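Presented below is the structure to which this report refers.
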Amino acid sequence: MANAQSRTLLLFGATGDLSKRMLLPSLFVLHADGLIAPDLKIMGTARSALDDAAFREMVGEALSEFLPEPRKDDALIASFLERISYQPLDASTVEGFAALAERLGDISGGMSIFLSTAPFLFKPTIQGLKSAGLAGEMVRIGLEKPLGNDLASSCAINDAVADAFPESRTFRIDHYLGKETVQNLMALRFANMMFEPLWNANGIEHIQITVSETVGLEGRHGFYEDTGALRDMVQNHMLQLLALIAMEPPAEFDATSIRDEKVKVLRSLRPVAPNETVRGQYGEGAVGGKSVHSYADDLSKPSGTETFVAIKAHVDNWRWQGVPFYLRTGKRLSERRSEIVIQFKPVPHNIFAQRGGKLSANRLVIRLQPEEYVRLLVMAKEPGLDRGGLTLREVPLDLSLTDAFSKSQRRIAYERLLLDLIDGEPTLFVRRDEVEAQWRWVDAIRKTWADNAIEPKNYGSGSWGPSAAIALTERDGVSWND
């Protein structure tokens, strides 16, 4: 059923926070814009004992709360709710799946499943789907993270999924890949000739990837305490960004070619030395002018879990030999930002030096959130009459995606990913060998922490993390792009 649009979408975890905030509003937008077939049925399932009317009421409340104001349209919402039904299900038991299959009815037109449940429910859910005949060749499955908490548990989940769904019908979701700016990274690299000659160790000095948050636990106490920043953000989102930056040009723009090149990068990651990584945990401080508690206070107990991690990574291949990739992510930091900085090497000889001209090396800044833009910082002469000198200044060449495409509809990541799942388009989903390469590298970092007793260092909320993270780059003569 490759690239055949499904006629049924089954949402597991349909009453959860992700569903209310992201999935249901995204599906409504696809409905409102006519991007999904008029006869596509959407069925939600979860433990909650709701009937269709109660679930539709819940969906309506979620749309009222989380849809942007310009998107709210009573008539369109009413027609969207007509698509929706609900079937209660205890996924830990096989028996309820027979009732689910009976309620779904004929799925010969193709069905897509979005599985957003606790990881311990993955295996019984897959077994239940298979036993009820809901895993046939006309069915594909989308898996929301986390897919395990280390390589072994990830393999166990993937083995359970593979028992019912072959790789061609398995869609592992990393919502960062659905972001417009992340997809623009591929367009920037492979649709423009100007960057490719410089996109290597000859032209680039270093690369920074920052994913910073101002929020704390936000009610995710149990999940985060068992996960930490390394597994929550680096293992998936940040390594996918690194792979897209570092991969070779694919032969074609298709799922196999792109994912083949990404996995080569992930397998080329050098093991991280103890002095190339920093762990941190937020303490008390102020964010946005408001006092906030420490992580231990938020958790109500002492903890050794990191809420911040910085890593100096290396990709050991011909293109990137000697180029450091600095990764940084954390909670309760100074500002919310997802950003890639490509720092090019300086010009080999400054012809303006004797006339007072000082040069800064070019930088390419790709901002993913909260704004979306691409900014190239270049040197230019400052206007004016200068006797015996030349005043140079760094100026930005900006591409604001918001301004450049002001007449185009901006999309959130889950709109793109849900549409691709329904359509059977796998390019923006993660293949099993990618996931396992990511876990292999991250597990080695965790082992390095354990073997060298590397504990989280305290940092004040509202800062940019522990001072050791600054030292990580400064000893190479590099400053974070703050």
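The values are calculated or read from the model by the stated rules, or taken from the named source; none is laboratory data. Every value quoted in this text rests on a predicted model; they were computed, and no experiment measured them. Neighbour counts run over all protein chains shown; Cβ positions are idealised from the backbone, glycine included. The protein model used for the area step is the full one, side chains on, heavy atoms only, and it has no ligands, DNA or RNA in it. Shrake-Rupley method; radii C 1.70, N 1.55, O 1.52, S 1.80 Å.
I'd like to know if the stretch 206-229 contains one or more residues that are aromatic (F, W, Y), in contact with a Leu (Cβ under 8 Å, 6 or more places away or on another chain) and either in contact (Cβ under 8 Å) with a residue 60 or more places away in the chain or farther than 20 Å from Q343 by Cβ (or both). If you could, list the steps in order and put the result at the bottom.
Of the stretch 206-229, the ones aromatic (F, W, Y) are 223-224.
The next check asks that each one be in contact with a Leu (Cβ under 8 Å, 6 or more places away or on another chain); those that pass are 224.
Within this subset, residues satisfying the condition of being either in contact (Cβ under 8 Å) with a residue 60 or more places away in the chain or farther than 20 Å from Q343 by Cβ (or both) are 224.
Yes: one or more hits.
Could you give every pair whose Cβ atoms fall below 8 Å, whose first residue belongs to the stretch 7-21 and is in contact (Cβ under 8 Å) with a residue 60 or more places away in the chain and farther than 17 Å from L417 by Cβ, and whose second residue is open to solvent by 30 Å² or more (accessible area, probe 1.4 Å) and in a strand (DSSP E or B), counting only separations of at least 6 or pairs across chains?
The qualifying pairs are R7/K41; T8/K41.
Checking E65 against (1) within 16 Å of L40 (Cβ to Cβ); (2) within 27 Å of the chain's Cα centre (by Cα); (3) not hydroxyl-bearing (S, T, Y), which test does it fail?
Unmet condition: (1).
Got at least one residue in the stretch 93-112 being over 32 Å from the mean Cα position of the chain (by Cα), among the polar types (S, T, N, Q) and surrounded by fewer than 19 Cβ atoms within 10 Å (Cβ to Cβ)? So that I can check it myself, show each step before the final result.
Let us first name the residues in the stretch 93-112 that are over 32 Å from the mean Cα position of the chain (by Cα), namely 94-96, 98-99, 101-103, 105-106, 108.
Still in the running and among the polar types (S, T, N, Q): 108.
Subsequent filtering for residues that are surrounded by fewer than 19 Cβ atoms within 10 Å (Cβ to Cβ) retains 108.
For the stretch 93-112, residues over 32 Å from the mean Cα position of the chain (by Cα), among the polar types (S, T, N, Q) and surrounded by fewer than 19 Cβ atoms within 10 Å (Cβ to Cβ): present.
Here's the yes/no breakdown for (1) assigned to a helix (DSSP H, G or I); (2) more than 18 Å from M233 (Cα to Cα); (3) out of contact with any Lys or Arg (no Cβ under 6 Å at 6 or more places or on another chain):
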residue: Q438; (1), (2), (3): yes, no, yes
residue: A450; (1), (2), (3): yes, yes, yes
residue: Y459; (1), (2), (3): no, yes, yes
residue: A469; (1), (2), (3): yes, no, yes
residue: N481; (1), (2), (3): no, yes, yes
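State yes or no: is A273 closer than 25 Å to W449 by Cα, surrounded by fewer than 18 Cβ atoms within 10 Å (Cβ to Cβ), small (G, A, S) and in contact (Cβ under 8 Å) with a residue 24 or more places away in the chain?
Details: closer than 25 Å to W449 by Cα: yes; surrounded by fewer than 18 Cβ atoms within 10 Å (Cβ to Cβ): yes; small (G, A, S): yes; in contact (Cβ under 8 Å) with a residue 24 or more places away in the chain: yes.
Taking the combined requirement at face value, the residue satisfies it.
When only residues in the stretch 376-407 that are over 23 Å from the mean Cα position of the chain (by Cα) and within 30 Å of I36 (Cα to Cα) count, which is modelled with the lowest pLDDT? If you could, list the steps in order and put the result at the bottom.
Applying the first criterion (over 23 Å from the mean Cα position of the chain (by Cα)) to the stretch 376-407 yields 376-398, 403-404, 406-407.
Filter once more, so that each one left must be within 30 Å of I36 (Cα to Cα): 403-404, 406-407.
Working: D403: 68, A404: 63, S406: 57, K407: 54.
So, considering only residues that are over 23 Å from the mean Cα position of the chain (by Cα) and within 30 Å of I36 (Cα to Cα), the one modelled with the lowest pLDDT is K407.
Please work out if S268 is open to solvent by 20 Å² or more (accessible area, probe 1.4 Å), touching a helix residue (DSSP H, G or I) at 6+ places or on another chain (Cβ under 7 Å) and polar (S, T, N, Q). Reasoning before the result, please.
On the way: open to solvent by 20 Å² or more (accessible area, probe 1.4 Å): yes; touching a helix residue (DSSP H, G or I) at 6+ places or on another chain (Cβ under 7 Å): no; polar (S, T, N, Q): yes.
Considered against the rule, which asks whether it is open to solvent by 20 Å² or more (accessible area, probe 1.4 Å), touching a helix residue (DSSP H, G or I) at 6+ places or on another chain (Cβ under 7 Å) and polar (S, T, N, Q), S268 comes out as no.
Pairs needed: first member in the stretch 106-119, within 19 Å of F171 (Cα to Cα); second member anywhere, open to solvent by 30 Å² or more (accessible area, probe 1.4 Å) and part of a helix (DSSP H, G or I); C-beta distance under 6 Å; at least 6 residues apart or different chains.
S116/L18
Does R319 satisfy being farther than 19 Å from M247 by Cα, surrounded by 13 or more Cβ atoms within 10 Å (Cβ to Cβ) and of a type outside the set (S, T, N, Q)? Don't jump to the end; show me each part of the working.
On the way: farther than 19 Å from M247 by Cα: no; surrounded by 13 or more Cβ atoms within 10 Å (Cβ to Cβ): yes; of a type outside the set (S, T, N, Q): yes.
In short, no.
If I filter the stretch 435-472 down to residues being of a type in the set (V, I, T) and over 24 Å from the mean Cα position of the chain (by Cα), which single residue comes out as most open to solvent (accessible area, probe 1.4 Å)?
Step one: filter the stretch 435-472 for residues of a type in the set (V, I, T), giving 435, 442, 445, 448, 454, 470.
Going one step further and asking which of them are over 24 Å from the mean Cα position of the chain (by Cα), we end up with 448, 454, 470.
On the way: T448: 24, I454: 32, I470: 88 Å².
Restricting to residues being of a type in the set (V, I, T) and over 24 Å from the mean Cα position of the chain (by Cα), the top hit is I470.
Yes/no matrix, rows are residues, columns are (1) open to solvent by 10 Å² or more (accessible area, probe 1.4 Å); (2) within 20 Å of D17 (Cβ to Cβ):
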residue	(1), (2)
V215	yes, yes
Y224	no, yes
R231	yes, yes
H237	no, yes
L242	no, no
A246	no, no
P249	yes, no
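Among strands (runs of 3 or more DSSP E) lying entirely in the stretch 292-382, which contain 3 or more residues that are free of Cβ contacts under 8 Å to residues at least 24 places away in the same chain and over 30 Å from Y224 (Cα atoms)?
Values: elements: 308-314, 324-330, 337-344, 363-369, 373-381.
It comes to 373-381.
So is I422 in a helix (DSSP H, G or I), more than 19 Å from L327 (Cβ to Cβ) and in contact (Cβ under 8 Å) with a residue 40 or more places away in the chain or not?
Values: in a helix (DSSP H, G or I): yes; more than 19 Å from L327 (Cβ to Cβ): yes; in contact (Cβ under 8 Å) with a residue 40 or more places away in the chain: yes.
When the stated conditions are applied, I422 passes them.
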